[in-house]
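Input: a single structure, listed below in structure tokens.
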Amino acid sequence: MINKRILIKNLLAHNDESSFYDKKRQLNLHTKEGKGKFVKHICALSNSNPTNNSYIVVGVEDNGNEITGTDFYDDSRIQNLVNAFLVNPPRIQYENVPFPHLHKDKVVGLVTISPNGKTSYFKKNVHTIPAGAAFVRRGSNSMPVEALVLEPNYQNEQTVASIENGSRNSIEYTLEGVIDFINNRHRDMSAKYKVFKELFIVCWAGHKKVVKGRTYFSRVDIELINEQVKLFYSALDEVSIEYTDDTFSITEYVALGLNDKTSYYPLEQVSIRFSDSGDYKIESQLLFDPPQYNRKMMHHIYNAQLALINKLAKGLPLTTREEKDLNNLPSTLMICHLNGFDDAKQRLADAKPLLKAVADPAVYISFKEAMRILRKMKYDGAVI
């Protein structure tokens with residue numbers, strides 16, 4: 001069992017970016033350019049490593065390998081994004097890895113690209129990348145090549161195997177992880193742990209409350225300690241947690257409303273099934289059924305949100321009421337998009353720098369939560 005924190009350290013210590021790993025400060029999958037660049041690197045790493053895993057580490061500075069961290073990214077459907085653009089797509093896994101020196105809402109993202117033995121190439125245009133394009137790694141660069149003449153490269157197989165074998169977990173790392181989670185990082189919360197199949201340890205913490213006989217947690221943090229992987233983190237949403245001897249399930253709820261956020265809707269259920277053979281499987285089910293409103297009323301609300309964005313863009317002062325509305329703007333535009341205003345999502349994405357610059361940090365947090373929900377629905381096929 002690989003300890004992902006040690007694996008990241010070993011990748012960074014091995015040498016600079018190479019033909020089997022890349023590093024990024026952050027991912028930007030809100031734009032076509034960002035999606036194109038990400039899939040290009042996936043394509044290049046897959047083609048350059050036909051028999052071994054390759055990796056992308058997210059949340060690291062290019063100069064000096066400083067680990068600065070990135071936002072928690074819980075998109076289990078990132079595979080669907082790669083499948084949408086590549087022929088012969090490799091298998092992708094994105095994991096959030098906590099580091100002790102980072103703030104609890106920051107992690108290092110680890111993208112694992114598993115080989116498929118076939119040449120990957122683009123099936124359709126995206127940004128400046130044409131359909132039919134293929135890429136390989138040349139040192140730290142992803143270079144275009146002819147898909148039909150690409151020769152397999154096996155030079156990284158032993159090197160990557162050595163790095164992975166040197167990142168295996170131990171009882172010491174596991175015990176230290178449990179103690180650190182409960183006694184240090186979450187001593188102000190209700191923290192618990194559960195051992196599955198005498199091998200896997202899941203720790204979780206959050207603020208507990210009981211509503212109508214049902215227990216919910218807010219500001220939740222859930223980790224699979226054996227692999228040092230953060231399974232769930234949210235500063236806003238509430239979740240319910242259920243478990244048996246071999247299954248741990250998280251049901252996430254999102255608070256929505258046009259003028260406030262008093263209504264709760266189930267968003268997604270994630271179930272982790274542990275087997276006696278020493279492995280586990282994560283399954284996700286989208287549960288979200290967005291609220292629907294009167295079309296005429298939504299036109300009025302949508303135009304009001306665009307006017308508010310326009311005032312921000314021009315640097316005009318906001319009224320007290322507009323400052324309050326600003327906190328609800330991301331979720332309101334999300335509701336508009338889910339009610340048939342197709343360009344509302346792009347308007348929200350375009351407003352990112354304006355919302356990030358607002359003095360109240362809750363506004364930008366609300367933006368990230370809204371985009372996360374929209375991303376989940378898009379990759380699930382619920383929103384086109």
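The values are calculated or read from the model by the stated rules, or taken from the named source; none is laboratory data. Quantities reported herein were computed from a predicted structural model and do not represent experimental measurements. Virtual Cβ from ideal backbone geometry, glycine too; neighbours counted across all protein chains shown.
Some observations on this one:
- Members of the stretch 182-227 that are of a type in the set (Phe, Trp, Tyr) and either assigned to a loop (DSSP other than H, G, I, E, B) or closer than 15 Å to residue 248 by Cβ (or both): 193, 196, 200, 204, 217
Conditions (1) touching a His at 6+ places or on another chain (Cβ under 6 Å); (2) within 20 Å of residue 178 (Cβ to Cβ); (3) at pLDDT below 90; (4) assigned by TED's automatic domain parsing to the domain that holds residue 71, marked per residue:
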position	(1), (2), (3), (4)
214	no, no, yes, no
218	yes, no, yes, no
236	no, no, yes, no
240	no, no, no, no
244	no, no, no, no
256	no, no, yes, no
259	no, no, yes, no
280	no, yes, no, no
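- Residue check, residue 42 surrounded by 15 or more Cβ atoms within 10 Å (Cβ to Cβ), within 15 Å of residue 4 (Cβ to Cβ) and among the hydrophobic types (A, V, I, L, M, F, W, C): no
- All conditions but one from (1) touching a Phe, Trp or Tyr at 6+ places or on another chain (Cβ under 7 Å); (2) without any contact (Cβ under 8 Å) to a residue 60 or more places away in the chain; (3) not assigned by TED's automatic domain parsing to the domain that holds residue 245 apply to residue 151; the one that does not is (1).
- Matching entry among 131, 84 (being over 20 Å from residue 225 (Cα atoms), among the small types (Gly, Ala, Ser) and touching a Lys or Arg at 6+ places or on another chain (Cβ under 6 Å)): 131
- Lone unmet requirement of (1) surrounded by 17 or more Cβ atoms within 10 Å (Cβ to Cβ); (2) at pLDDT 90 or above; (3) touching a strand residue (DSSP E or B) at 6+ places or on another chain (Cβ under 7 Å) for residue 89: (3)
Condition check ((1) over 28 Å from residue 151 (Cβ atoms); (2) in contact with a strand residue (DSSP E or B) (Cβ under 7 Å, 6 or more places away or on another chain)) across all residues:
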position: 13; (1), (2): yes, no
position: 21; (1), (2): no, yes
position: 32; (1), (2): yes, yes
position: 42; (1), (2): no, yes
position: 48; (1), (2): no, yes
position: 57; (1), (2): no, yes
position: 63; (1), (2): yes, no
position: 78; (1), (2): yes, yes
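- Within the stretch 242-286, the set of residues being closer than 21 Å to residue 80 by Cβ and exposed (fewer than 13 other Cβ atoms within 10 Å of the Cβ) comprises 281, 283, 285.
- Among all residues of the stretch 154-177, there is none that is touching a Cys at 6+ places or on another chain (Cβ under 9 Å), crowded, with 16+ Cβ neighbours inside 10 Å and assigned to a strand (DSSP E or B).
- Here residue 160 fulfils each of the conditions (1) in contact with a helix residue (DSSP H, G or I) (Cβ under 9 Å, 6 or more places away or on another chain); (2) under 29 Å from residue 278 (Cα atoms); (3) not acidic (Asp, Glu) apart from (1).
- Of residues in the stretch 289-306 being free of Cβ contacts under 8 Å to residues at least 24 places away in the same chain and loosely packed, with under 12 Cβ neighbours inside 10 Å, the one nearest to residue 360 (Cα to Cα): 303
- Scanning the stretch 105-112 for any residue that is of a type outside the set (Lys, Arg), surrounded by fewer than 20 Cβ atoms within 10 Å (Cβ to Cβ) and modelled with pLDDT of 95 or more turns up at least one such residue.
- All conditions in (1) in contact with a strand residue (DSSP E or B) (Cβ under 8 Å, 6 or more places away or on another chain); (2) closer than 24 Å to residue 107 by Cα; (3) at pLDDT 85 or above hold for residue 196, with the sole exception of (2).
- Restricting the stretch 363-377 to residues that are at pLDDT below 90 and over 14 Å from the mean Cα position of the chain (by Cα) leaves a set whose member that is surrounded by the most Cβ atoms within 10 Å (Cβ to Cβ) is 366.
- Residue in the stretch 327-349 that is under 29 Å from the mean Cα position of the chain (by Cα) and hydroxyl-bearing (Ser, Thr, Tyr) present: yes
- Considering residues of the stretch 272-290 that are part of a loop (DSSP other than H, G, I, E, B) and of a type outside the set (S, T, N, Q) only, the residue farthest from the chain's Cα centre (by Cα): 276
- Whichever residue in the stretch 113-125 is within 24 Å of the chain's Cα centre (by Cα) and modelled with pLDDT under 90 and, among such residues, is surrounded by the fewest Cβ atoms within 10 Å (Cβ to Cβ): 116
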